[in-house]
Amino acid sequence: MGFHLPFFLCLEDFQMVAEAEDSEDESYAIDCPVLVTERLVMRAPHEGDIAQLVELADNRHVAEMLARMPHPYGEAEARAFLAMTKSRRAGIAYALTLAGTDTFVGCAGLNTTDRGLELGYWIGEPHWKRGYATEAAHALVDLAFQRTSIQVLHASTRVINPASRRVIHKCGFQYAGQGMLNSIVAGQVPVERYRLDRKTWTSLRNWIHF
């Protein structure tokens, strides 16, 4: 993601667009508040992140698990990503940083797909297997249901990524079938689809007991 698989959820398109789904009259518009978890400060990415972003994102193991992340990944790609996140055309994107040090460990966000609002994130390889993805995912799941009227939140992962699958399960998502992901780096690859409805989320809000 052999190498050790990181905790990843696939982003169908990290160039997120916040839209409304007319068929269900649901607004996906959402702001980007700073989120603080036990070990993470989740905030909007900024120019000070560029060096660390490039260092972590310029990794084929990362890019192969995502749709729109190019490889190689340099300063130009990082600046283009920052410009997109500032416009918020596509929803919200977070820099995941360690509390107290501001060390950049990855990105996360909520984006719109043809299925509805979808959770996605990636963690840099030096920070795999530390539970940061689960921590960030819980915060974003809560944000999605608290700040929008959605009834269902979606997630997906490549079928070769069992670590991602475990994170999805820890967040209460249920399997919803398979599909294909068009990855810039990996090409057409199969993915597993998952969904979490509002009723299930409500019953799982005390994540510490899940």
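The values are calculated or read from the model by the stated rules, or taken from the named source; none is laboratory data. In this text, all values refer to a predicted model and were calculated from it rather than measured experimentally. Cβ coordinates were reconstructed from backbone atoms using ideal geometry, including for glycine residues, and neighbour counts include every protein chain displayed.
Condition check for L196 on (1) in contact with a helix residue (DSSP H, G or I) (Cβ under 9 Å, 6 or more places away or on another chain); (2) of a type in the set (A, V, I, L, M, F, W, C); (3) surrounded by fewer than 19 Cβ atoms within 10 Å (Cβ to Cβ): one failure, at (3).
The set of residues in the range 163-192 that are among the charged types (D, E, K, R) and either surrounded by fewer than 19 Cβ atoms within 10 Å (Cβ to Cβ) or modelled with pLDDT under 90 (or both) comprises R166, K170.
Look at R193 and say whether it is part of a helix (DSSP H, G or I), of a type outside the set (D, E), over 25 Å from C32 (Cβ atoms) and in contact with a strand residue (DSSP E or B) (Cβ under 6 Å, 6 or more places away or on another chain). It would help to see each step written out before you state the result.
Values: part of a helix (DSSP H, G or I): no; of a type outside the set (D, E): yes; over 25 Å from C32 (Cβ atoms): yes; in contact with a strand residue (DSSP E or B) (Cβ under 6 Å, 6 or more places away or on another chain): yes.
No, not satisfied.
When E38 is tested against (1) at pLDDT 50 or above; (2) in a loop (DSSP other than H, G, I, E, B); (3) within 17 Å of the chain's Cα centre (by Cα), only condition (3) is not met. Evaluate the range 83-99: report whether one residue or more is surrounded by fewer than 19 Cβ atoms within 10 Å (Cβ to Cβ), modelled with pLDDT of 50 or more and farther than 28 Å from I150 by Cα. Taking every residue of the range 83-99 in turn, at least one turns out to be surrounded by fewer than 19 Cβ atoms within 10 Å (Cβ to Cβ), modelled with pLDDT of 50 or more and farther than 28 Å from I150 by Cα. Taken over the range 118-169, the residue count meeting the criterion of being more than 18 Å from M69 (Cβ to Cβ), in a helix (DSSP H, G or I) and aliphatic (A, V, I, L, M) is 8.
The number of residues in the range 45-77 that are at pLDDT below 95 and touching a Cys at 6+ places or on another chain (Cβ under 8 Å) comes to 3.
Residue check: is H127 crowded, with 20+ Cβ neighbours inside 10 Å, at pLDDT 95 or above and not basic (K, R)? Give the steps one after another, and end with the answer.
Values: crowded, with 20+ Cβ neighbours inside 10 Å: no; at pLDDT 95 or above: yes; not basic (K, R): yes.
Here the answer is no, as H127 does not meet what is asked.
Condition first: touching a Pro at 6+ places or on another chain (Cβ under 9 Å) and closer than 15 Å to C32 by Cβ. Now tell me which residues in the range 93-125 satisfy that. Of everything in the range 93-125, those that are touching a Pro at 6+ places or on another chain (Cβ under 9 Å) and closer than 15 Å to C32 by Cβ turn out to be A93, Y94, A95, C107. In this structure, D31 qualifies as at pLDDT 50 or above, surrounded by fewer than 19 Cβ atoms within 10 Å (Cβ to Cβ) and closer than 18 Å to A136 by Cβ.
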